[in-house]
Amino acid sequence: MKRFRIHAQIAFIILFFTSGAYADEVCSQPEKVNMANVADLVVPNSPYSLGICYLPEVVKKDVLVDHQDLIELKIHNRIIARHRTRMSVTVGRIADLVLEKATDRFISVSYGAGEFCNGIVIFDVQRKKVAAQQGCLSLSDQCHVTELLDAECRATVECKDGGAEGEPPLRKDIIRKKFELCSS
């Protein structure tokens, strides 16, 4: 009986701290932060979807602090993981969630992270957390997940400079980054 009580207390503590992990984060309505109200991105043939939580603007010493937003992974419309992004005030808020690749274990999305660049987030649905993330490499890089492997717990992201404002790319070669998704 004593062992059961200890297990029950541990389970309660874990449930208490994990269920309220994001309770202090209050999302702003998209129109209040001058963003369009868009539906969550649904992952085909799965119970998962992804959405954006716009956090309220923060002013410190009369200066607007860089925006922080959350990309939320949901199962049956219940949040199970979040990734906090930071965007320059001059760039604005995150936008345009696009499904890159999905496997049984991992879901990768890209998001508009600036006027000419994007970021990548890879969620581990088994562990209910972010497995990897990549912000803009440069102001004009477009990055995409080209490989997402469950068995090897690995992802490959390729970033190509697309140029900005009609200008040619500053870098011609593609940058390939490999991410180990099951570490830590």
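What follows draws every value from the coordinates through simple rules; no lab data is involved. Every value quoted in this text rests on a predicted model; they were computed, and no experiment measured them. Cβ placement follows ideal geometry from the backbone for every residue including glycine, while neighbour counts extend to all protein chains displayed.
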Requested in this report: Among ASP150, ASP173, ASP66, determine the one that fluctuates most according to a GNM of the chain built with springs between C-alpha atoms less than 10 Å apart.
Outcome: ASP173
Query - Karplus (6.51, -1.76, 1.60) ³J(HN,Hα), θ = phi - 60°, over region 71-83, in Hz, Gly and Pro reported as x - result: 9, 10, 9, 10, 10, 6, 6, 10, 5, 10, 7, 9, 10
Requested in this report: For region 65-166, just say rounded, prolate or oblate: build the C-alpha gyration tensor, square-root its eigenvalues into a ≥ b ≥ c, call rounded for a/c under 1.5, and beyond that prolate if a/b exceeds b/c, oblate if not.
Outcome: oblate
Report summary line: The alpha-carbon pair-distance distribution computed for the chain, with 10 angstrom bins and whole-percent values, is 9, 32, 33, 19, 6, 2, 0, 0
Query raised in the report: Tell me, what ³J(HN,Hα) does each residue in region 118-125 have, in order and in whole Hz, if you take phi through Karplus 6.51 cos²θ - 1.76 cosθ + 1.60 with θ = phi - 60° and put x for Gly and Pro?
Result: 9, x, 10, 10, 10, 9, 9, 6
Query - Cα extents of region 140-184 along the three principal axes, largest first (Å) - result: 41, 16, 15
Query raised in the report: Treating the beta-carbon of each Lys and Arg as +1 and of each Asp and Glu as -1, no other charges, what is the dipole magnitude of region 24-180 about its Cα centre, to the nearest 20 debye?
Result: 440
Query raised in the report: Ordered by residue, what ³J(HN,Hα) values in Hz, to whole numbers, does region 54-70 give under the Karplus form 6.51 cos²θ - 1.76 cosθ + 1.60, where θ = phi - 60° and Gly and Pro are x?
Result: 8, 7, x, 5, 10, 10, 10, 6, 6, 10, 5, 7, 3, 5, 10, 9, 10
Query raised in the report: Most mobile of VAL63, VAL130, VAL89 per a Gaussian network model of the chain (Cα springs, under 10 Å)?
Result: VAL63
Query raised in the report: What angle, in degrees between 0 and 90 and rounded to the nearest 10, separates the Cα long axis of helix 2-19 from the longest principal axis of the Cα atoms of the chain?
Result: 30
Requested in this report: Quick one: among ILE75, ILE122, ILE94, which has the greatest mean-square fluctuation in a GNM of the chain with alpha-carbon springs under 10 angstrom?
Outcome: ILE75
